[in-house]
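Shown next, in structure tokens, is the structure this report addresses.
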Amino acid sequence: MDQQFEEIDSSGQWQNLYNEIRSQASDYSYQTAKRPENQNRNRYRDVSPYDHSRVKLENSENDYINASLVMVEEAQRIYILSQGPLKNTCSHFWLMVWEQNSKAVIMLNRIIEKGSEKCAQYWPTAEGHQLSYTDTGFVVTLVKEEDMSYYVIRVLELRNTETGETREIYHFHYTTWPDFGVPESPASFLNFLVKVRESGSLGPEHGPSVVHCSAGIGRSGTFSLVDTCLILMDKRKDPSSVDIQKVLLDMREYRMGLIQTPDQLRFSYRAVLEGAKSIMGDCSVQSQWRELSREDRATVCQSPPAPPPRSLSDAPAPPSSPATPSRCPHPPSTPATPFRRPRPPSTPATPFRRPLPSSTPATPIRRPLPPSTPATPIRRPRPHVPQLALRKAQRPATALCGA
């Protein structure tokens, strides 16, 4: 894997590899997301949950929320990848957390980024304060907050006002990850991942953790991909057996557009390679990650790199308007040369057979279908996704080393 990374990096082929993945990704129907009554529940018009894998609200007149169950069976991991809640969907968000028995919410964006609101304030901002959501019957209380240089760990109490039951929810908030960008280093990201794992929130004894950024595909996809690949490496005891490209394509069966830029793809490879050192027995790297991440030091305020140009403004539209902005950046002005590398042999455990890449330039996968155009036909059987987390025996992965 190290050699593959060096070859792609030295030849500047990340854009080509990204285009290859995008051209091979499946396209499933998302008719529920496009219904008129659900338009104001979508933050971006071109990021929708597939019908076969969307999370369905149970105790609600309208069961729609822009969130997807992403399942990796071999890794025994299930995530809920969600858009950042809108002001009119915060109550639905907490209803989903309750119904799916989630133990943690992993937030990878800031409320305001580059002058635009990327997420509503869905939790209290001061210890002891509460937010009430009367339409779904939940009260959220901030119990404790621990601020580090680039992330915050909160303990929230979620109370069901109808039954009186309360649950403790962890809120892991990565505060320095720029939109369309990558963290400062793999060390800081992996140190954050260790903190999440140490809480036990990702284990099978709980429901799926909710991972969100603004659209729920770029930063959220990066987090889920790296965590999944490291789990697979640990299970197989052979890092070279994990094909990151294949894992990403498998995860894209459940939510469109995971990993939004070539830089995010490159960072995912770097983080997996760095994390593999711990998997192979070098536990000293975790202390190195902690030191390199400077989590105990004051944050140096720096402007994040500018995101790629977008086709439309990404600020969310008012709830009353059915038109919502696009997340799709412009494609490169010059078509990239198709990337060629040997494909690994298929194994019986692979549940899907993907079509060969098209010879024509791939259409951006997050561009919505025109209203008059029928949904693209499904080209393979839909993955079966349970609406509640699988309860499979698994030793909890509390840290990367020996996890």
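The values are calculated or read from the model by the stated rules, or taken from the named source; none is laboratory data. Please read these numbers as outputs of a predicted model, since none were measured by experiment. Cβ coordinates were reconstructed from backbone atoms using ideal geometry, including for glycine residues, and neighbour counts include every protein chain displayed.
A few comments on the model shown:
- Near pairs, Cβ below 7 angstrom, 6+ apart or cross-chain, from the range 251-270 (surrounded by 21 or more Cβ atoms within 10 Å (Cβ to Cβ)) to any residue that is at pLDDT below 95 and part of a helix (DSSP H, G or I): TYR269/PHE5
- In the range 256-288, of all residues being in a loop (DSSP other than H, G, I, E, B) and modelled with pLDDT of 90 or more, the one that is farthest from PRO183 (Cα to Cα) corresponds to MET256.
- Some residue of the range 69-83 being in contact with a Phe, Trp or Tyr (Cβ under 6 Å, 6 or more places away or on another chain) and under 22 Å from HIS206 (Cβ atoms): yes
- Check on LEU202, in a loop (DSSP other than H, G, I, E, B), touching a strand residue (DSSP E or B) at 6+ places or on another chain (Cβ under 6 Å) and buried (at least 20 other Cβ atoms within 10 Å of the Cβ): yes
- Selection within the range 193-210: residues that are within 18 Å of the chain's Cα centre (by Cα) and among the polar types (S, T, N, Q). The member of this set that is farthest from LEU265 (Cα to Cα) is SER201.
For every residue, the table says whether it meets (1) under 26 Å from GLN3 (Cβ atoms); (2) at pLDDT 95 or above; (3) over 15 Å from the mean Cα position of the chain (by Cα); (4) surrounded by fewer than 17 Cβ atoms within 10 Å (Cβ to Cβ).
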{"residue": "THR163", "(1), (2), (3), (4)": "no, yes, yes, yes"}
{"residue": "THR166", "(1), (2), (3), (4)": "no, yes, yes, yes"}
{"residue": "PRO178", "(1), (2), (3), (4)": "no, no, no, no"}
{"residue": "VAL182", "(1), (2), (3), (4)": "yes, no, no, no"}
{"residue": "SER185", "(1), (2), (3), (4)": "yes, no, yes, no"}
{"residue": "ASN191", "(1), (2), (3), (4)": "no, no, yes, no"}
{"residue": "HIS212", "(1), (2), (3), (4)": "no, yes, no, no"}
{"residue": "THR228", "(1), (2), (3), (4)": "yes, yes, no, no"}
{"residue": "SER241", "(1), (2), (3), (4)": "yes, no, yes, yes"}
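- When TYR79, TYR64 are checked against the criterion of being buried (at least 23 other Cβ atoms within 10 Å of the Cβ) and of a type in the set (Phe, Trp, Tyr), a single residue qualifies: TYR79.
- No other residue among ASP27, ASP46 is surrounded by fewer than 18 Cβ atoms within 10 Å (Cβ to Cβ), more than 15 Å from the chain's Cα centre (by Cα) and in a loop (DSSP other than H, G, I, E, B) apart from ASP27.
- Hits in the range 92-133 - residues which are assigned to a strand (DSSP E or B) and either more than 17 Å from the chain's Cα centre (by Cα) or over 20 Å from TRP177 (Cβ atoms) (or both): SER102, ILE112, GLU113, SER116, GLU117, GLN130, LEU131, SER132, TYR133
- Matching entry among PHE172, PHE192 (being in contact (Cβ under 8 Å) with a residue 12 or more places away in the chain, in contact with a strand residue (DSSP E or B) (Cβ under 6 Å, 6 or more places away or on another chain) and over 22 Å from PRO85 (Cα atoms)): PHE192
- If you filter the range 62-106 down to residues that are among the polar types (S, T, N, Q) and within 21 Å of VAL247 (Cα to Cα), you find that the one that is modelled with the lowest pLDDT is GLN76.
- Per-region count, the range 137-157, residues in contact (Cβ under 8 Å) with a residue 24 or more places away in the chain and either in a strand (DSSP E or B) or under 25 Å from the mean Cα position of the chain (by Cα) (or both): 10
- Criterion applied to ARG45, ARG54 was being among the charged types (D, E, K, R), closer than 28 Å to GLY137 by Cα and in contact (Cβ under 8 Å) with a residue 12 or more places away in the chain, and the one residue passing it is ARG54.
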